[in-house]
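One structure is given below, encoded as structure tokens.
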Amino acid sequence: MSTVTWIKDLLGTDILKEASLRGLSSEAYLEELAKDVSVGSNGLYTRLHWLADSTRAYERGVMIGFDGTHKGSHMFRSVLEGIAMTMILNRDIFNPIGENVALYAKMNELVYKHLDAHTAQLLQRSHEIFNS
């Protein structure tokens, strides 16, 4: 299961119902809601680590910073920002600047392999982070 599907399912059937009433997919409806959430999700931070290595089963992902203002749209955007940040951190691991310029290649194309990851918000977050 993808992370986007997980958060969508976690937010419940109300998302599916409202999306259907509006003639949208549940992901498209969540994207609409997330557009109104500012960068940083009002202090809600998601560190993805849901699939820990079997030798370190105690490791977990975390979503921190909740307060009374956060709604499902904040959670959805925070997860998308977490995915984008994980991508940039992993890019930096595999493309260390300055160690060996011959091995460094500027990443200029992202390829998404799962349909769920094709949401416009995720693409926008990825674009913002990779072009920073």
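Collect the residues in the stretch 10-31 that are acidic (Asp, Glu) and within 15 Å of the chain's Cα centre (by Cα), keeping them in residue-number order.
Result: 27, 31.
Looking only at the stretch 39-59, count every residue that is out of contact with any His (no Cβ under 8 Å at 6 or more places or on another chain) and either outside any helix (DSSP H, G or I) or among the aliphatic types (A, V, I, L, M) (or both) and tell me the total.
13
Taking the condition more than 12 Å from the chain's Cα centre (by Cα) and either outside any helix (DSSP H, G or I) or of a type in the set (S, T, N, Q) (or both), does residue 36 pass?
yes
Quick test for you: out of 8, 17, pick the one residue that is at pLDDT 75 or above, part of a helix (DSSP H, G or I), basic (Lys, Arg) and surrounded by fewer than 15 Cβ atoms within 10 Å (Cβ to Cβ).
Exactly one residue qualifies, and that residue is 17.
So which of 72, 23, 40 is out of contact with any Lys or Arg (no Cβ under 6 Å at 6 or more places or on another chain), of a type outside the set (A, V, I, L, M, F, W, C) and free of Cβ contacts under 8 Å to residues at least 12 places away in the same chain?
Unique residue meeting the criteria: 23.
Read through the list (1) in a helix (DSSP H, G or I); (2) over 13 Å from the mean Cα position of the chain (by Cα); (3) closer than 25 Å to residue 18 by Cα, then give the number of the only condition that residue 69 fails.
If we test residue 69 against (1) in a helix (DSSP H, G or I); (2) over 13 Å from the mean Cα position of the chain (by Cα); (3) closer than 25 Å to residue 18 by Cα, just (1) comes out false.
The rows are residues; the columns are (1) closer than 22 Å to residue 87 by Cβ; (2) in contact with an Asp or Glu (Cβ under 9 Å, 6 or more places away or on another chain).
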| site | (1), (2) |
| --- | --- |
| 2 | yes, yes |
| 17 | no, no |
| 22 | no, yes |
| 26 | no, yes |
| 41 | yes, yes |
| 45 | yes, yes |
| 50 | yes, no |
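The values are calculated or read from the model by the stated rules, or taken from the named source; none is laboratory data. Everything numeric in this text was worked out from a predicted model, so none of it was measured. Positions of Cβ are backbone-derived with ideal geometry, glycine not excepted, and every protein chain shown enters the neighbour counts.
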